[in-house]
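Written out below as structure tokens is the structure these notes cover.
The values are calculated or read from the model by the stated rules, or taken from the named source; none is laboratory data. Every value quoted in this text rests on a predicted model; they were computed, and no experiment measured them. When we count neighbours, we look across all protein chains shown, and the Cβ atoms used for this are built from the backbone with ideal geometry, even at glycine.
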Amino acid sequence: MGGLDIFSANKLGPNAWGKVENMRAPINGPGHDFGIVFEGNKNRGFFSSIRSNGKGYADIYSFKMPPIIYVLQGKVKDVECGKPVANAVVKLIGTDGSSAEATTDQTGFYKFDAKENDERFLAENTSYTIVVSRKGDAKKASPDCNKTVIAERSYLNGRGQETTIGIERSTAFVHDFELQCLNCGEIRFPKVLYPLAKWELLVDERVNSKDSLDFLFQTLTENPTIVIELAAHTDARDSDARNQILSQKRAQTCVDYLIEKGIDAGRLQAKGYGESQPFVDAKAGITYTEAYINGLPKDQREAAHQINRRTVFFVLRDDFVPTSSAPENN
């Protein structure tokens, strides 16, 4: 901006620095600016400058840098119906060892802003993990979100990430969460497909069923106290006995995969239901019975059978304590 200028760069790590930038006015002027020093770790200090309105040739000026302010806020909602989830606990865990908690209000809103002593919850050059949890008032809640009180619902934990690394100006981070009810019955996850009449996981150029189970693995890792029943269902195009055996083997295949990934076997139960529980679309008021499917146009029947061939899970308990001292793989 003038002759000598003062530049700054943010430290990103032990041997890493951000972009070098001119500090501009009012630190730098049209003359020479140099010799900046800070008071320890504070955002204030002194620098030397030659300015036309100075008292002498080179004068010493004091300065106070405006603080960089980070705010984290968002809303927590029920994934099924979009209702706000009140009294959810939002934990903020920093790589600098810091931790803090906030609780959502009646609109599902939470905010990490300023502490009582005017310090901030979010610091510079720090990454944060956000964990959201909500335990309901009832052991079981209605699967219909619009016919139950949200306070009765417990939810699978939500998890997110934010970072202030490389963020060199005040920023308001917005991180919303949609939580899945865990005490409302059947929980669906990305489709697990199998070859026709077999129980091996289908992996080809079209689909990778292991990806779906990896999603469930992540859910179990983020919710380390839940015990689940992994339930497999078939369509009705074979005998009851054969479908029962097939569904049990498919459920066990999923359980075996998760155990191989490191989930404690005590948290998993395999259960095959064969064709005994056709899918119920509560919103549409449809049960995918064999009679209903046979009444559809022929070009729609295969898709309807596929809806019945599903793998889902139920949360049986939320109080698991490992019997072994060995931790689960993460």
> Restricting attention to the stretch 199-247, which residues are basic (Lys, Arg), in contact (Cβ under 8 Å) with a residue 24 or more places away in the chain and farther than 27 Å from Thr287 by Cβ?
Replying inline: Lys210
> Going through the stretch 198-221 one residue at a time, which ones are out of contact with any Ser or Thr (no Cβ under 8 Å at 6 or more places or on another chain) and of a type in the set (A, V, I, L, M)?
Replying inline: Val207, Leu213, Leu216, Leu220
>> What pairs come out if I take residues in the stretch 303-317 that are within 19 Å of Cys181 (Cβ to Cβ) and pair them with residues that are of a type in the set (Lys, Arg) and outside any helix (DSSP H, G or I) whose C-beta lies under 8 Å away, six or more apart or interchain?
In response: Arg310/Arg188; Arg310/Lys191; Thr311/Lys191; Val312/Arg188
>> Please go through the stretch 192-207 and give me each residue that is surrounded by 15 or more Cβ atoms within 10 Å (Cβ to Cβ) and out of contact with any Phe, Trp or Tyr (no Cβ under 6 Å at 6 or more places or on another chain), ordered by number.
In response: Val192, Leu193, Tyr194, Trp199, Leu201, Val207
> Going through the stretch 204-215 one residue at a time, which ones are of a type outside the set (S, T, N, Q) and modelled with pLDDT of 85 or more?
Replying inline: Lys210, Asp211, Leu213, Asp214, Phe215
>> Looking only at the stretch 176-196, how many residues end up being of a type in the set (D, E, K, R) and modelled with pLDDT of 90 or more?
In response: 2
> Picking from Gln277, Gln300, Gln252, which residue would you name as being closer than 16 Å to Lys198 by Cα and more than 26 Å from the chain's Cα centre (by Cα)?
Replying inline: Gln252
>> Looking only at the stretch 51-77, filter to residues that are among the β-branched types (Val, Ile, Thr) and touching a residue at least 24 places away in the same chain (Cβ under 8 Å); which one of those is nearest to Tyr128 (Cα to Cα)?
In response: Val71
> Does Lys91 count as outside any loop (DSSP other than H, G, I, E, B) and either more than 19 Å from Ala172 (Cβ to Cβ) or more than 18 Å from the chain's Cα centre (by Cα) (or both)?
Replying inline: yes
> Taking the stretch 89-115 only, how many residues are among the small types (Gly, Ala, Ser), at negative phi and surrounded by 14 or more Cβ atoms within 10 Å (Cβ to Cβ)?
Replying inline: 3
> Out of all the residues in the stretch 129-173, which are within 18 Å of Val79 (Cβ to Cβ) and in a strand (DSSP E or B)?
Replying inline: Ile130, Val131, Val132, Ser133, Arg134, Tyr155, Leu156, Asn157, Gly158, Arg159, Gly160
> Can you tell me how many residues in the stretch 1-52 are modelled with pLDDT under 90 and among the aromatic types (Phe, Trp, Tyr)?
Replying inline: 1
> Restricting to the stretch 174-186, what's the tally of residues that are outside any loop (DSSP other than H, G, I, E, B) and charged (D, E, K, R)?
Replying inline: 1
> Out of the residues in the stretch 135-175 that are of a type in the set (Val, Ile, Thr) and at pLDDT below 80, which is surrounded by the fewest Cβ atoms within 10 Å (Cβ to Cβ)?
Replying inline: Val149
> Considering only residues of the stretch 53-85 that are of a type in the set (S, T, N, Q) and either surrounded by fewer than 16 Cβ atoms within 10 Å (Cβ to Cβ) or assigned to a loop (DSSP other than H, G, I, E, B) (or both), which is modelled with the highest pLDDT?
Replying inline: Ser62
> Is there a residue in the stretch 300-318 that is within 18 Å of Lys191 (Cβ to Cβ), out of contact with any Phe, Trp or Tyr (no Cβ under 7 Å at 6 or more places or on another chain), at pLDDT below 95 and of a type in the set (Lys, Arg)?
Replying inline: yes
>> Pull out all pairs, ordered by first then second residue, where Cβ-Cβ is under 9 Å, the residues are six or more apart or on different chains, the first lies in the stretch 160-185 and is farther than 30 Å from Ile228 by Cβ, and the second is acidic (Asp, Glu).
In response: Thr164/Glu124; Ile165/Glu124; Ile167/Glu124; Glu168/Glu21; Glu168/Glu124; Phe173/Glu162
> Scanning for something surrounded by fewer than 14 Cβ atoms within 10 Å (Cβ to Cβ), outside the structural domain of Thr225 (by TED's automatic domain parsing) and out of contact with any Asp or Glu (no Cβ under 8 Å at 6 or more places or on another chain), does the stretch 121-134 turn up at least one residue?
Replying inline: no
